[in-house]
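The values are calculated or read from the model by the stated rules, or taken from the named source; none is laboratory data. On a predicted model such as this, the values are computed, not experimentally measured, just so you know. Cβ sites come from the backbone with ideal geometry, for glycine too, and all protein chains shown count toward neighbours.
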Ligand SMILES: [Cu+2]
């Protein structure tokens, strides 16, 4: 390759990178509607640190490729190892990754800490292919469920002999939440593994059959957001889409009062 060809090639590569970056300059994360900005911060810190390492190593690779290219009358030098250099780059990488991981672990512990007192409890049960949302109703307690009671009309197998069931509120694919109040989601599955994905709230949690997994967050913005399944759970996986409606506390109280108890259909 002649010098001109090589320069043209390098220029084209740089142009490609610039165009690609320009084309994808839209925000990487959807609008944040929950108290999880620390998570966004972590993502950006990780991206910046690994991005610097990426640009640096690729830049060095390009420089070395250019500087030590094949030339007339020149033979390649060869040496087997350089323990000092290897030690340095391994140690630096280990330290950087350890710092990143420690920060992430702290955040993880925060996210999976017990919810604050007074959190609104909502049960979210995945099934092929819908999200069953249940509120405990005015008594604040969920009625008993039993898989043997599951029918088409009673997808959660709610026991109507249990007096605590009578005021349970049941909706499908619609999650109503009040703004500014911590919400504790009790995530369950009726059949296979699903994953509750609330992109705007930075929540993604597997729903595992036989387990109840609690997560909590606080919605900070009113509005309508998407709810999806992030685990390929079968042919109708794409249909497991619902909506989160974050309302003012007054609107939320009205909505809850207007929803029928689960057998009210
Ligand atoms: Cu699913």
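Residues in the range 106-120 that are part of a loop (DSSP other than H, G, I, E, B) and either farther than 24 Å from residue 245 by Cβ or within 16 Å of the ligand (Cβ to nearest atom) (or both) were compared, and the one that is modelled with the lowest pLDDT is 117. Against the conditions (1) without any contact (Cβ under 8 Å) to a residue 60 or more places away in the chain; (2) over 30 Å from residue 181 (Cα atoms); (3) part of a helix (DSSP H, G or I), residue 74 satisfies every one except (3).
Right, residue 160: more than 16 Å from the ligand (Cβ to nearest atom), touching a residue at least 24 places away in the same chain (Cβ under 8 Å), more than 17 Å from residue 255 (Cβ to Cβ) and surrounded by fewer than 16 Cβ atoms within 10 Å (Cβ to Cβ) or not? Judged against the criteria, residue 160 is a match. Screening the candidates 18, 63, 45, 49 for the property of being more than 30 Å from residue 221 (Cβ to Cβ) and within 35 Å of the chain's Cα centre (by Cα) yields one hit, 18.
Scanning the range 14-52 for residues that are in contact (Cβ under 8 Å) with a residue 12 or more places away in the chain and farther than 30 Å from residue 179 by Cβ yields one hit, 49. Of everything in the range 186-211 that is closer than 27 Å to residue 249 by Cα and more than 15 Å from the chain's Cα centre (by Cα), the residue that is nearest to the ligand (Cβ to nearest atom) is 188. The criterion of at least 2 residues that are assigned by TED's automatic domain parsing to the domain that holds residue 219 and in contact with a helix residue (DSSP H, G or I) (Cβ under 8 Å, 6 or more places away or on another chain) is met by the following strands (runs of 3 or more DSSP E) wholly inside the range 121-193: 130-135, 174-178. Only one entry of 55, 92, 96 meets the criterion of being surrounded by 13 or more Cβ atoms within 10 Å (Cβ to Cβ), over 30 Å from residue 221 (Cβ atoms) and not assigned by TED's automatic domain parsing to the domain that holds residue 216, and that entry is 96. Could you tell me whether the range 221-239 includes any residue that is within 10 Å of the ligand (Cβ to nearest atom), outside any strand (DSSP E or B) and either in contact with a helix residue (DSSP H, G or I) (Cβ under 6 Å, 6 or more places away or on another chain) or under 16 Å from residue 156 (Cα atoms) (or both)? No, the conditions are met nowhere in the range 221-239.
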